[in-house]
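Asks: Input: one structure, supplied below.
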Amino acid sequence: MTTKIVIIDDHQLFREGVKRILEFEETFEVVAEGGDGREAAALIEQYQPDVVLMDINMPEVNGVEATRSLVDKYPDTKIIILSIHDDENYVTHALKSGAMGYLLKEMDGDALIEAVKVVSEGGSYLHPRVTPNLIADYRRLANDEGKGKGFQQVEVRRPLHLLTRRECEVLQLLADGKSNRGIGEALYISEKTVKNHVSNILQKMNVNDRTQAVVTAIKKGWVEVR
């Protein structure tokens, strides 16, 4: 099946670059482009895309505002925010608005394609660089629930009942915010091997994506929060 995509960004050259990358994937089709959040609703109404790539900073209506107004009206269209900001406030606001993904514009082509695939299938995708922000939010939540006692890392117990030792290593590096390439370099294995390990981890943990895997691992004390 073809994944229909709309790109919303006020920089035409950036849109063209993203479009060229996406068109390398045979199942992707960029059906429309727009330069402002105001255009997004009309394009979604007309083309009924599966995924919208939405710039966070645009004139008139920014990406977060546009996403907030669109997610309820078009529940079958998933939105990925594109941003130059890895600050936790930007990430949090984007996710609270209903976005299913958050990518930094410094992403490589593989990350862009993977994000669109994951989100189109109902998962969520965060750029590896912003994973530490997710952990920071979890620390604050734990601190609030502890009524000022502070975040206490429980004793780490690797899930060897569920994952292999190598998969545990990969899961820890996912929690550290490493990309597939970064994991491969750290463990001296190929990116293809990393992708296989990540796929096995998601299946064994019964989660849809890397973000869910990291959140689950933190809650269960399977990884170090560092």
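Asks: Step by step: first the residues of the stretch 36-65, then only those that are small (G, A, S) and more than 22 Å from the chain's Cα centre (by Cα), then the one that is surrounded by the fewest Cβ atoms within 10 Å (Cβ to Cβ). Which residue is that?
Replies: Among residues in the stretch 36-65 that are small (G, A, S) and more than 22 Å from the chain's Cα centre (by Cα), the one surrounded by the fewest Cβ atoms within 10 Å (Cβ to Cβ) is A42.
Asks: Has the stretch 192-206 got at least one residue that is within 18 Å of S124 (Cα to Cα), outside any helix (DSSP H, G or I) and either open to solvent by 10 Å² or more (accessible area, probe 1.4 Å) or touching a residue at least 24 places away in the same chain (Cβ under 8 Å) (or both)?
Replies: Yes, because at least one residue in the stretch 192-206 is within 18 Å of S124 (Cα to Cα), outside any helix (DSSP H, G or I) and either open to solvent by 10 Å² or more (accessible area, probe 1.4 Å) or touching a residue at least 24 places away in the same chain (Cβ under 8 Å) (or both).
Asks: Next question. So which residues in the stretch 141-190 are at pLDDT below 60 and either within 29 Å of D110 (Cα to Cα) or in a loop (DSSP other than H, G, I, E, B) (or both), if there are any at all?
Replies: Those that are at pLDDT below 60 and either within 29 Å of D110 (Cα to Cα) or in a loop (DSSP other than H, G, I, E, B) (or both): G146, K147, G148, K149, G150, F151, Q152, Q153, V154.
The values are calculated or read from the model by the stated rules, or taken from the named source; none is laboratory data. None of the values given here were measured: they were computed from a predicted structure. In this analysis, Cβ positions are derived from the backbone assuming ideal geometry, glycine residues included, and neighbour counts consider all displayed protein chains. In case anyone asks, the SASA skips ligands and DNA or RNA and just uses the protein heavy atoms, side chains included. Shrake-Rupley method; radii C 1.70, N 1.55, O 1.52, S 1.80 Å.
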